[in-house]
Amino acid sequence: MNIEGRTYRRAALAAGVALALAGCGTTRYRPVSDTPVVIGKPYRVRGTTYRPAADPSFDVLGYASWYGAESGNQVALGERFRPKWITGAHTTLPLPTYVEVTALETGRTILVRINDRGPFARGRIVDLSRGAAEQLGIRHTGVAAVRVRRVDPPEKERARLRKGKQVAARPRVSDATLAVLRAQLADGVRRGVVQAP
């Protein structure tokens, strides 16, 4: 076979493979796993550069929102997004990371598995899945003042979240502690350190 014939055959084969893959209409999702942990390279969204990094002492006050219309989409970790699971998105924490999210209005605290990037809206420090927003009690408010703290939960709790199941809520934060956290958040907003949504 001459060179022209081989080139044609390769092009036809490549086109056939591409057409077959396009016809499948399937996305290959990564299995839900805690390994390997992905930190990732710096990236830019809407003029802001984010630099992912490991931060074992991460403990931040700010605002949470939730998302749920993206059912079936692929999250930054490569897994399938499932709105009812207790997951979240953060701009720089390693993927996955486990965090405790506390609603400063109610003191309710839950464990969340971070497996996505975001939020990229002004004043938000974490996006929660619909399931996490429901468990935290903020689904109807849309946006809520929160504390997000990195934790290292036992494997039993990690395994439940990896299977899409909730873990028991943490003990409610005391009123005295909530008052201190709310005051710190208000001071941060006043000084411009924390953006209000």
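Throughout, read-outs are computed from the coordinates displayed, never taken from laboratory work. Given the structure is predicted, the values throughout are model-derived calculations rather than measurements. For neighbour counting, all protein chains shown are included, and Cβ atoms are generated from backbone atoms with ideal geometry for every residue, glycine included.
Give the peptides 90-98, 169-177, 102-110 in descending order of average Cβ contacts within 10 Å, highest first.
Details: 90-98: 21.6, 169-177: 12.3, 102-110: 19.1.
In decreasing order of mean packing, 90-98, 169-177, 102-110 become 90-98, 102-110, 169-177.
Take Asp59 and Lys156, extend 7 Å from each Cα along the Cα→Cβ direction, and tell me the distance between the two endpoints in nm.
2.6 nm
Take the chain, connect every pair of alpha-carbon atoms lying under 10 Å apart with a spring to form a Gaussian network, then pick out the residue of Ala145, Ala89, Ala168 with the largest mean-square fluctuation.
Evaluated over the chain, the most mobile residue of the options is Ala168.
What relative contact order, as a whole-number percentage, does segment 53-197 give when Cα pairs under 8 Å and 6 or more residues apart are counted? Each step should come with its number before you reach the end.
Numbers: 312 pairs, mean separation 47.4, N = 145.
Computed over segment 53-197, the figure is 33 percent.
Expressed in nm to one decimal, what extension gain is obtained for the pair Thr27 and Lys84 from 0.36 nm per residue of sequence separation less their Cα-Cα distance?
18.5 nm
Tell me which of Ala169, Ala53, Leu95 sits at the most positive position along the dipole axis of the chain, charges placed on C-beta atoms (Lys, Arg +1; Asp, Glu -1).
Toward the positive end, the furthest listed residue is Leu95.
So if I place +1 on the C-beta of Lys and Arg and -1 on the C-beta of Asp and Glu, and nothing else carries charge, what would the dipole magnitude of segment 47-172 be about its Cα centre? I want it in debye, nearest 20.
Working: 22 positive and 12 negative charges, 64 e Å.
Once rounded to the nearest 20, the dipole reads 300 debye.
Count charges around Gln74 for me, please; just the other residues with Cβ under 14 Å from its Cβ, Lys/Arg as +1, Asp/Glu as -1.
So the surrounding residues net to +2.
If R₀ is 22 angstrom, what is the calculated FRET efficiency for the pair Arg172 and His140, using the beta carbon separation as r and rounding to 0.05?
Efficiency, rounded to the nearest 0.05: 0.70.
Work out how much length Arg149 to Lys163 would gain on full extension: take 0.36 nm times their residue separation and subtract the Cα-Cα distance, in nm to one decimal.
2.8 nm
For Arg191 and Phe120, compute 0.36 nm times the residue count separating them, minus their Cα-Cα distance, and round to one decimal in nm. List each step's numbers first, then the result.
Details: separation 71, 0.36 × 71 = 25.56 nm, distance 2.13 nm.
Gain on extension, Arg191 to Phe120, equals 23.4 nm.
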